Amino acid sequence: MGNSRWPFVVTGLGLALLVWGSVWGLVYAPREVYMGDVQRIMYVHVPTAWNAMLVLTFAFACAVLSLLRGGWGWDARLEAAVEGGVVLSALLCTQGSIWARPTWGVWWDWDPRLTTTAVLLFAFAGILALRGFVDDPVKRAVWTAVAVVIAYVDVPLVYFSVRWWNSLHQLQSTPETVSRAFHWPLRINAFGVLFLMIGLVELRARLAWRRRAAESAPPLPSRVAMAAGRL
Amino acid sequence: MRGVIEGGWEFVIAAYAVTAVVLLGYAFSVCWRLWRAPRP
């Protein structure tokens, strides 16, 4: 893992795009006919959903490559992507709950889209917890990679749940299902979250890499002596 | 009852505030942990 500055630049670019898209969505975008101003939540909720699935797809790819090729780099990226996916999934559920209250009249409903998303959040949060419990680095890498491959089955279920089952949640928001007047703030925020997560996943992978290197490094003689009480 | 939602800015502000806190908080958390991590 390198030490270059590009992840900081990409993270900063992502934050700047998010500010730009959010101001556009809050101030300049028109009100939606039926939902009124509440629809403006879409400009943060939908980019979060798209990128949560994208980051978890990257975690799945890292898990497969970790199992097939080995190498600690894929394991570090897997850990970073799973953590990023958990953060975005938790944010997604919170935003959705806030949007549900004025539109559906409830904070939460066990409808297929919400239920599969909650399963996604808890499955990947469980994988992060699993990593914390396993001391052996090899077992930790293999077990979490297998767990990610199994948990990833839920991602297409989340995406297609609104089509396959009778859901309270609306169909997927895409350029085909969203009015043209709403496209630009949605796209800007989608790229904002994407750039932010690219930068943060790379930085988080470097952190996992450093921890892994420190874990396998032999203890310094002075530390051994200190632990034995000789210094 | 017209089937149109009136108002609701408090929900919009809450959603944007939660988004800002979570994303900025996570960005800060990653940078802080990386800065404190041992260098190989």
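Read the figures in this text as sums done on the coordinates, not as results from a lab. Model, not experiment: these values are computed from the prediction. Cβ: placed from backbone, ideal geometry, glycine included. Neighbour counts: every protein chain shown.
GNM on chain A, C-alpha springs below 10 Å: top fluctuator among A:Trp107, A:Trp72, A:Trp99?
Judging by the Gaussian network model, the answer is A:Trp107.
Taking the alpha-carbon centroid of each part, what is the distance from region A:1-54 to region A:156-186 in angstrom?
17 Å
Once you have the alpha carbon radius of gyration of region A:1-129, what is it after dividing by 2.2 N^0.38 Å, with N set to its residue count?
Against the compact-globule rule of thumb, the ratio is 1.25.
So for the pair A:Val119, A:Ala181, with labels modelled 7 Å out along Cα→Cβ, what separation do we get in nm?
With each label point 7 Å from Cα toward Cβ, the separation is 3.8 nm.
Give me, ordered by chain and number, the residues 5 or more places off A:Gly36 or on other chains with an amide H under 5 Å from its own placed amide H.
Counting only residues 5 or more places away or on other chains, the set is B:Ile5.
If you stretched the chain out fully between A:Trp72 and A:Tyr159, how much longer would it get, using 0.36 nm times the residue separation minus the C-alpha to C-alpha distance?
Numbers: separation 87, 0.36 × 87 = 31.32 nm, distance 3.06 nm.
Value of the extension gain: 28.3 nm.
Using θ = phi - 60° and the Karplus relation 6.51 cos²θ - 1.76 cosθ + 1.60, list the HN-Hα couplings for region A:22-35 in order, rounded to whole Hz, with x at every Gly or Pro.
5, 5, 4, x, 7, 10, 9, 5, x, 6, 7, 4, 9, 8
So which residue, out of A:Gly105, A:Gly70, A:Gly21, gets the largest mean-square fluctuation from a GNM of chain A using Cα contacts under 10 Å as springs?
Comparing A:Gly105, A:Gly70, A:Gly21 in a Gaussian network model of chain A, the most mobile one is A:Gly105.
Hey, in the GNM for chain A with a 10 angstrom Cα cutoff, which one of A:Gly132, A:Gly73, A:Gly25 fluctuates hardest?
Judging by the Gaussian network model, the answer is A:Gly132.
Summarise the long-distance tail of P(r) for region A:1-73 by giving the % of C-alpha pairs beyond 14 Å.
It works out to 75 percent of all Cα pairs.
Calculate the spin-label point distance for B:Arg39 paired with A:Ala61, positioning each point 7 Å from the Cα along the beta-carbon direction, and give it in nanometres.
The modelled label-to-label distance comes out at 3.1 nm.
Taking every residue in A:82-88, how many Cβ atoms of other protein chains lie within 10 Å of its Cβ, on average?
2
Using θ = phi - 60° and the Karplus form 6.51 cos²θ - 1.76 cosθ + 1.60, what ³J(HN,Hα) does each residue of region A:90-105 get, whole Hz, x for Gly and Pro?
5, 5, 4, 5, 5, 4, x, 5, 5, 6, 5, 4, x, 9, 9, x
Nearest 20 debye, what's the magnitude of the dipole of region A:26-158 about its Cα centre given +1 on Lys and Arg Cβ and -1 on Asp and Glu Cβ?
140 debye
Just the Cα atoms of chain B: what Rg and Dmax do they give in Å?
18.6, 65
Placing +1 at every Lys and Arg Cβ and -1 at every Asp and Glu Cβ, with all other atoms neutral, what dipole size does the protein assembly as shown have around its Cα centre, in debye to the nearest 20?
Around 980 debye, computed over the protein assembly as shown.
Sort out for me the Cα centre separation of region A:68-101 from region B:3-40, rounded to whole Å.
14 Å
Going 7 Å from the Cα of A:Val146 in the Cα-to-Cβ direction, what parts of region A:37-76 have a backbone nitrogen less than 13 Å from that spot?
A:67, by backbone N distance to the label point.
Largest first and in whole Å, give the semi-axes of chain A's equivalent ellipsoid, each being the square root of 5 times a Cα gyration tensor eigenvalue.
Equivalent ellipsoid semi-axes, largest first: 39, 21, 15 Å.
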